[in-house]
Amino acid sequence: MHIEATLLFVLAGIAVIVAARWFGDRTGIPAAAVLTVLGIAYAVLPGPNIELEPELVLTLVLPPLLFSAALDSSLLDIRHNLRTVVSLSVVLVLLTALLIGVGFHFFVAGATLAAGVALGAAVAPPDPVAALSVGKKVGLPRNIVTLVQGEGLLNDATALTLLSVAVSAAVGGTFSFSAAVGEFVISAAGGVIGGIVVAYAVRATRPLAQDPIIANAISLATPFVAYLLAERVHVSGVLAVVVAGLIVGHDTPRLGSGASRLQVSAVWRLVDFVLEGLVFLLIGQQLPRVIEGLSEFSTSTIVIAVAVSVGVVLVLRPLFLIVTQSLPRWMHSRLGGEPDAADANRRLNGREITALSWSGTRGVITLAAVFTIPARTKEGNPFPDLDLLLFCAFVVVLVTLVGQGVTFGPLVRRLGLKADEADRIRLRNEARSAAVQAAMDRLDEIKHQRHDHVEDQAIETMHRQLGHRLERYRRRLDLLDQADSDEVPVSPQYEAALRVRRSVIDAQRDELLRWRDVGRLSDEGLRVLERELDHEERLLPDRSAS
């Protein structure tokens, strides 16, 4: 494709992504589902198509997406829910792959167990992008969000490792259970060690991370360094990226400057937006490729293969959750945390199991993984039923991403699952109050040190400002405590103060622009002063949704 045509294609793709995001925000339909459907619509039209390159996705797209998701996750929350996260990201993935393999072996004419397991490994790991984008909008409880995030971060390593073992068995014709287990353990352990090494290397760059530009460069390079380092020594690059991201995200409040953190966060939001949009468009465009080789299979074979794949994916997940949540309490206790911690042994209730069961949307990882299956075996023979495997994987992605993705929001609302917003705001205000009190205590310590009259005035001014802020937080806490429901109470005085502050900031910005337009202020000066106002405005709560 000519360079100008490629550029136009990319620009058109970005325009479609923006339109899908706008449409999704206003309808509640996940942008991922919209983009997939648009990709399918484009694929059936005449014109150039872009084929999914598995190595490109696994090397250039997957690491930054996983790293960004890990940065936004909570290492502590995942550790506190580690048993459930591991059961979903390891045990459920293995069971899904094995059951699909057995189903293919017994019910699909001519299919082999290894080929079925390869397909099962590809379709086993959920891609939580669509579910989380909807879940956060509808206020999904924090524990469910943590489980979906943790599962999505760790299951790819399990699936890709199992896929390589299954492909080796199908291509070479030999399989050793002990060798497969050993390969899996070594790959996983090596990936964890690699991620820890990279995370501590990033920690060593702390003095450099004060500069926002350098901090951005280090952050953008980290997932690729972790992935390439792990793959070079033949361990799980995916797990190395995830572990590095979790540790770096946990350390971020201690690393770098405030300006660095703000800029790095903004850059990763942009990377997520563009990459996720492009990969979901690419999913839809693979339709011609996955159906072109189906002519050699009978309709009954295709129907049975699709039924086995989709049936196992949709049915096994809720059954697995029901069974694991019914285990004795001593088996269900979490790894990590204190035994008597709040919610330490709490099981998921029926509504939470239903929501978690319906959050298993599949995405680009499934298609990228299934396209890595080689076309031929070592003997030069065609890989068994490859075109059928590709089609089944595509149907699973389509059913879960579009079907479950579109209905996930209404389902969560119908179940009545909602985070306790008042409790979340109460906790944050308590933390703010504690932080301000710590600042006032530090000022009291400074008072007893040697300083001059000017410093006395500065200390008194700062103490007075902090006192007003602490009083505001305490009034907010009193209002929350007096509320009779879980709804967040609204303070007319506070809302009026927000409107006044925004109006004042707008007036300052308009005056700065007037100065620039009449030549009294340079553009450089305008950018510096406007950035100050932007940071002040960024501190105000967002009321656009209401």
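The values are calculated or read from the model by the stated rules, or taken from the named source; none is laboratory data. Not measured: the values here are computed from a predicted model. As a convention, Cβ positions derive from the backbone with ideal geometry for all residues, glycine included, and neighbour counts pool all protein chains shown. Please note that ligands, DNA and RNA were not included when accessible areas were found on the heavy atoms of the full protein model with its side chains. Shrake-Rupley method; radii C 1.70, N 1.55, O 1.52, S 1.80 Å.
Before moving on, here are some points about what is shown:
- Qualifying residue in segment 222-235 (condition: at pLDDT below 90 and either not small (Gly, Ala, Ser) or not in a helix (DSSP H, G or I) (or both)): yes
- Within segment 20-38, the set of residues being in a helix (DSSP H, G or I), open to solvent by 40 Å² or more (accessible area, probe 1.4 Å), in contact (Cβ under 8 Å) with a residue 60 or more places away in the chain and farther than 10 Å from GLY284 by Cα comprises just one member, ARG21.
- Sole residue being surrounded by 19 or more Cβ atoms within 10 Å (Cβ to Cβ) and closer than 26 Å to VAL198 by Cβ, chosen from VAL134, VAL123, VAL93: VAL93
- LEU398 being in a helix (DSSP H, G or I), open to solvent by 50 Å² or more (accessible area, probe 1.4 Å), among the hydrophobic types (A, V, I, L, M, F, W, C) and out of contact with any strand residue (DSSP E or B) (no Cβ under 6 Å at 6 or more places or on another chain): yes
- Pair list, Cβ < 8 Å and 6+ apart or interchain, from segment 449-460 residues that are surrounded by 10 or more Cβ atoms within 10 Å (Cβ to Cβ) to residues that are in a loop (DSSP other than H, G, I, E, B) and at pLDDT below 70: ILE459/HIS451
- Qualifying residue in segment 258-266 (condition: closer than 27 Å to ALA159 by Cβ and either assigned to a helix (DSSP H, G or I) or in contact (Cβ under 8 Å) with a residue 24 or more places away in the chain (or both)): no
- Whenever a residue of segment 506-529 is open to solvent by 70 Å² or more (accessible area, probe 1.4 Å), its partners that are assigned to a helix (DSSP H, G or I) and at pLDDT 85 or above, lying with C-beta atoms within less than 6 angstrom and at least six residues away or across chains, give the pairs GLN508/LEU533; ARG516/LEU526.
- Any hit, segment 234-245, residues being of a type in the set (S, T, N, Q) and either touching a residue at least 60 places away in the same chain (Cβ under 8 Å) or touching a Leu at 6+ places or on another chain (Cβ under 6 Å) (or both): yes
- If you go through segment 335-369 and keep only what is modelled with pLDDT of 50 or more, small (Gly, Ala, Ser) and surrounded by 13 or more Cβ atoms within 10 Å (Cβ to Cβ), you end up with ALA355, SER357, SER359, GLY360, GLY363, ALA368, ALA369.
- On inspection, LEU388 passes the criterion of being of a type in the set (A, V, I, L, M) and in contact with a Phe, Trp or Tyr (Cβ under 6 Å, 6 or more places away or on another chain).
- Test: residue in segment 144-157 that is more than 24 Å from VAL412 (Cβ to Cβ) and either touching a helix residue (DSSP H, G or I) at 6+ places or on another chain (Cβ under 9 Å) or not β-branched (Val, Ile, Thr) (or both): yes
- The residues of segment 286-327 that are open to solvent by less than 20 Å² (accessible area, probe 1.4 Å), modelled with pLDDT under 85 and in a helix (DSSP H, G or I), listed by number, are VAL290, GLN325.
- Qualifying positions in segment 224-233 - in contact with a Gly (Cβ under 8 Å, 6 or more places away or on another chain) and either under 10 Å from ALA199 (Cα atoms) or open to solvent by 20 Å² or more (accessible area, probe 1.4 Å) (or both): ALA226, TYR227, LEU228, LEU229, GLU231, VAL233
- Selection from segment 426-440 of residues that are under 16 Å from GLN465 (Cα atoms) and open to solvent by less than 70 Å² (accessible area, probe 1.4 Å): SER433, ALA434, ALA435, VAL436, GLN437, ALA438, ALA439, MET440
- If the condition is being assigned to a helix (DSSP H, G or I) and surrounded by fewer than 23 Cβ atoms within 10 Å (Cβ to Cβ), then segment 96-113 contributes LEU98, LEU99, VAL102, GLY103, HIS105, PHE106, PHE107, LEU113.
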